[in-house]
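Everything on this sheet refers to the single structure shown next.
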Amino acid sequence: MRATQLYAPTLRESPAEAELISHKLMFRAGFIRKAAGGIYSYLPLGWRTIKKIMQIIREEMDAKGGQEIMMPIVQPAELWKESGRWSVYGDEMMRLKDRHGREFALGPTHEEMITSLIRDEVRSYKQLPLLLYQMQNKYRDEIRPRFGLMRSREFIMKDLYSFDKDVDGMNNSYEKMYDAYSRIFTRCGLKFRAVEADNGAIGGGHSHEFTVLAPSGESSIAYCEKCDYAASDEKAELKLICADAEELKPLEKVSTPNCHTIEAVKNYLNVPIEKTIKAVAFMDDEERLIVAFVRGDHEVNEIKVMNAVEGTNHLYMADEKLIAAANSCAGFMSPIGIGNAIIIVDQTVMEMYNAVAGANEVDAHFINVTPRRDFDAKKIIVKDIRMVQEGDPCPHCGEPLKMTRGIEVGQVFTLGKKYSETLNAKFLDEDGLEKFFEMGCYGIGVGRTMAAAIEQNNDKDGIIWNKAIAPFEVVVVPVNAKDDKQLNLAEEIYNELKTAGVDVLLDDRKERAGVKFKDCDLIGYPLRVTISPKTLDSGNVEIKIRRSGEFMNFARGECISKILELLKTL
Ligand code: ATP
Ligand code: MG
């Protein structure tokens with residue numbers, strides 16, 4: 001391809017609303033243009049990278065036995081009503097009506113569609129496992145579409161759905177996809193972790209989020225540098241921390257005027273924060289009071305609390321009346337003497353000695369609280385209910401955990417029978433019995449993967465592409481394209497590289513060299529080959545490696561083989 005025929009409008013300024021570097025650079029380098037909030041066109045360079053990512057995904061899906069299909073974007077409301085998600089999905093679902101008033105949705109995901117597609121036709125266990133996937137635009141009316149392709153309202157997703165005859169089969173499909181995802185993101189040149197994720201409402205199954213490590217990411221994850229443990233901050237399991245044993249002192253109530261916060265209590269009583277017990281009070285939809293207790297320097301993890309209480313799907317801050325009805329008051333709560341409430345105590349609290357906790361009355365605390373002695377074991381639930389913190393021991397190997405931020409680029413899920421049951425999708429098993437399919441679903445955000453790659457690979461001059469997903473692998477730049485000698489040599493090298501199978505661009509624009517070099521750096525081609533008057537004199541071709549900024553000179557005769565060698569390392 002020649003730059004004179006390429007539509008690649010580069011810009012000096014980025015849009016005012018762009019916060020993320022990937023958004024700014026994709027705009028400036030002429031990869032995308034905005035049509036409306038969260039809705040974008042891909043220009044030729046952006047689309048080339050998108051197609052390369054899609055091709056990597058396709059190869060890895062096919063290698064695991066995936067078969068590519070294409071389902072409709074426009075989905076009838078009936079299907080979603082059948083699964084019960086028409087009402088649950090809420091405003092995020094883009095809905096429309098046809099001329100007859102029939103309702104449709106623009107697909108945010110395709111579990112319903114694919115289950116209905118196979119339910120009347122896949123009849124026998126002999127047809128399983130079945131792995132079907134597509135790559136297609138998805139629609140989610142995100143509250144705050146921002147960050148460019150990272151969180152848009154129309155975005156390309158690869159979604160694969162697996163159908164198996166039993167749980168072992170489903171787990172096997174999950175393993176295959178987990179492996180394929182690891183290969184995909186490795187091939188894209190990304191630093192990522194497969195993070196154990198909470199699969200909330202779906203429950204029971206497993207789920208991993210593939211998360212690209214980047215400070216700008218929206219997910220917070222805990223990971224171990226020694227083993228491969230990684231989990232979202234909501235999910236991370238925590239080991240018990242045992243305080244050193246102490247001689248037990250008698251429980252005593254003391255006055256703590258105006259000490260509503262842990263900070264105030266600790267200062268007033270002059271005790272270390274690790275010696276305090278803090279309460280967070282919630283209520284659920286049935287207006288049950290749920291009080292969670294953690295060590296003063298720890299934070300309560302609401303998801304863990306929710307999972308610990310049977311029959312609770314939402315937690316709200318408890319209101320004062322509910323707390324008063326349990327003979328307690330906010331700021332001074334403890335399990336000792338509290339009335340009607342569901343009490344959940346973090347496992348680490350149970351290992352404390354002579355600590356400070358509320359006395360369930362205004363301006364009073366207990367000191368010398370030893371939970372094993374003072375809490376009524378029959379009335380409390382003891383669980384791991386706290387948020388992970390940097391330095392907590394890894395649940396697998398004990399090494400201190402690190403915290404980092406990341407971008408979720410893909411997620412793998414086991415669904416079990418959730419959709420096959422609600423949509424009545426059955427097959428006939430070997431034993432002649434009708435059974436529901438065991439399903440899994442597996443998504444990758446293609447545009448988000450491109451954005452994440454830029455977040456991880458850029459500098460002040462622009463993008464730094466990994467060869468596998470660069471819009472072009474090499475750019476050949478005659479410094480002065482008006483000079484026939486330079487242009488001819490550049491054409492020669494360009495043609496030889498093309499013949500050698502390199503994805504190469506010839507920058508034959510009659511622009512100033514400085515302008516062309518700036519564009520090369522901004523767009524981020526991994527290698528630049530420069531043809532200058534010096535090249536004509538010395539016979540040496542200059543190569544610049546975008547990532548390291550290194551320059552090299554190769555004799556004309558060996559330059560093609562040298563470029564091919566260099567490319568293998570990029
Ligand atoms: P998030 O939590 O970021 O909203 P999600 O967990 O709802 O995403 P999934 O349903 O797991 O997303 O979708 C699979 C993949 O699709 C995600 O891992 C992500 O890469 C991509 N994706 C989801 N929502 C968006 C979006 N609004 N814009 C771009 N990509 C998205
Ligand atoms: Mg997800």
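The values are calculated or read from the model by the stated rules, or taken from the named source; none is laboratory data. What you are looking at is a predicted structure, and each value in this text was computed from that prediction instead of being measured. Ideal geometry is used to build each Cβ from the backbone, glycine not excepted, and the neighbour counts take in all protein chains shown. Keep in mind that these areas ignore ligands, DNA and RNA; they rest on the heavy atoms of the full protein, side chains included. Shrake-Rupley method; radii C 1.70, N 1.55, O 1.52, S 1.80 Å.
Taking Cα atoms of the chain, Rg/Rh with Kirkwood Rh, to two decimals? Kindly include the intermediate steps, with their values, before the conclusion.
On the way: Rg = 29.7 Å, Rh = 27.7 Å.
Result: Rg/Rh = 1.07.
Can you run phi through the Karplus equation (6.51, -1.76, 1.60; θ = phi - 60°) for region 409-426 and list ³J(HN,Hα) in whole Hz, with x for Gly and Pro?
Along region 409-426, the couplings run 9, x, 9, 10, 9, 9, 9, x, 9, 3, 8, 5, 6, 5, 9, 6, 10, 10 Hz.
Report the net charge of residues surrounding VAL541, where surrounding means a beta-carbon distance below 13 angstrom and charges are Lys +1, Arg +1, Asp -1, Glu -1. Display every interim value, and only then the final one.
Numbers: positive: ARG528, LYS534, LYS544, ARG556, LYS562; negative: GLU492, GLU496, ASP537, GLU542, GLU558.
That works out to 0.
With both bridge residues required to lie in region 252-383, what share of the DSSP beta bridges run antiparallel, to the nearest 5%? Can you show the working numbers first?
Details: 16 of 25 bridges.
Taking every DSSP beta bridge within region 252-383, about 65 percent pair in antiparallel fashion.
List, in order, the whole-Hz ³J(HN,Hα) value for each residue of region 286-303 obtained from phi through the Karplus relation with A = 6.51, B = -1.76, C = 1.60 and θ = phi - 60°; use x for Gly and Pro.
My calculation for region 286-303 gives 8, 6, 8, 7, 10, 10, 9, 10, 9, 4, x, 8, 9, 10, 6, 9, 4, 5 Hz in order.
So what is the 222 nm mean residue ellipticity for the chain from helices alone, if each DSSP H run of at least 4 adds -39500 (n - 2.57) and you divide by all residues, rounding to the nearest 500 deg cm²/dmol?
-8000 deg cm²/dmol
Points 7 angstrom from Cα along the Cβ direction at VAL362 and ASP168: gap in nanometres?
Each label point lies 7 Å from its Cα, and together they span 6.6 nm.
Ranking request for peptides 86-95, 185-194: highest mean number of other beta-carbon atoms within 10 Å first, then the rest in descending order.
Details: 86-95: 13.4, 185-194: 19.9.
Answer by packing, highest mean first, reads 185-194, 86-95.
Taking H as built 1.01 Å from N, whose amide H comes closer than 5 Å to the amide H of MET93, not counting residues under 5 places away?
Counting only residues 5 or more places away or on other chains, the set is ASP141.
For LEU506, what residues show an amide H to amide H distance below 5 Å, using hydrogens built from the backbone and excluding near sequence neighbours?
Hits under the 5 Å cutoff: ARG2, ALA3, VAL476.
Would you compute, for the Cα atoms of region 252-383, the largest minus smallest coordinate along each principal axis and list the three values in descending order, in whole Å?
40, 29, 24
Can you list residues whose amide H is under 5 Å from ILE381's amide H, if they're 5+ apart or on another chain and H is modeled 1.01 Å from N?
ILE343, ILE344, VAL345
Pairs LYS138/LYS235; LYS460/LYS510; LYS51/LYS467: which exceed 23 Å Cα-Cα?
Numbers: LYS138/LYS235 27 Å; LYS460/LYS510 26 Å; LYS51/LYS467 14 Å.
Listed pairs above 23 Å: LYS138/LYS235; LYS460/LYS510.
When ligands, DNA and RNA are left out and all protein chains stay put, how many square angstrom of accessible area per residue does region 252-383 have with a 1.4 Å probe? Don't jump to the answer; show the numbers that get you there.
Values: 6100 Å² over 132 residues.
In whole numbers, region 252-383 has 46 Å² accessible per residue.
In the chain, what percentage of the DSSP-assigned beta bridges are antiparallel, given to the nearest 5?
Working: 88 of 110 bridges.
Percent antiparallel among DSSP bridges in the chain is about 80.
How large is ³J(HN,Hα), in whole Hz, for each residue of region 117-130 in order, when computed from phi with the Karplus curve 6.51 cos²θ - 1.76 cosθ + 1.60 and θ = phi - 60°, using x for Gly and Pro?
Using θ = phi - 60°, the values come out as 5, 9, 4, 9, 10, 8, 10, 10, 4, 5, 8, 10, x, 10 Hz.
Could you give the nm distance between label points at GLU310 and TYR178, where each point is 7 Å from its Cα heading toward the beta carbon?
Taking the simple label geometry, GLU310 and TYR178 are separated by 3.0 nm.
What percent do you get for the relative contact order of the chain when only Cα pairs under 8 Å and 6+ apart count? Before the final figure, lay out each step's value.
Values: 1195 pairs, mean separation 93.8, N = 570.
About 16 percent, as a whole number.
Report, in degrees rounded to the nearest 10, the 0 to 90 angle that the Cα long axis of helix 556-568 makes with the longest principal axis of the chain.
20 degrees
Taking all protein chains in place and a 1.4 Å probe, what share, in percent, of the accessible surface of the chain do carbon and sulfur account for? Could you put the intermediate results ahead of the total?
Details: 12530 of 25710 Å².
For the chain, the apolar C and S fraction of the accessible surface comes to 49 percent.
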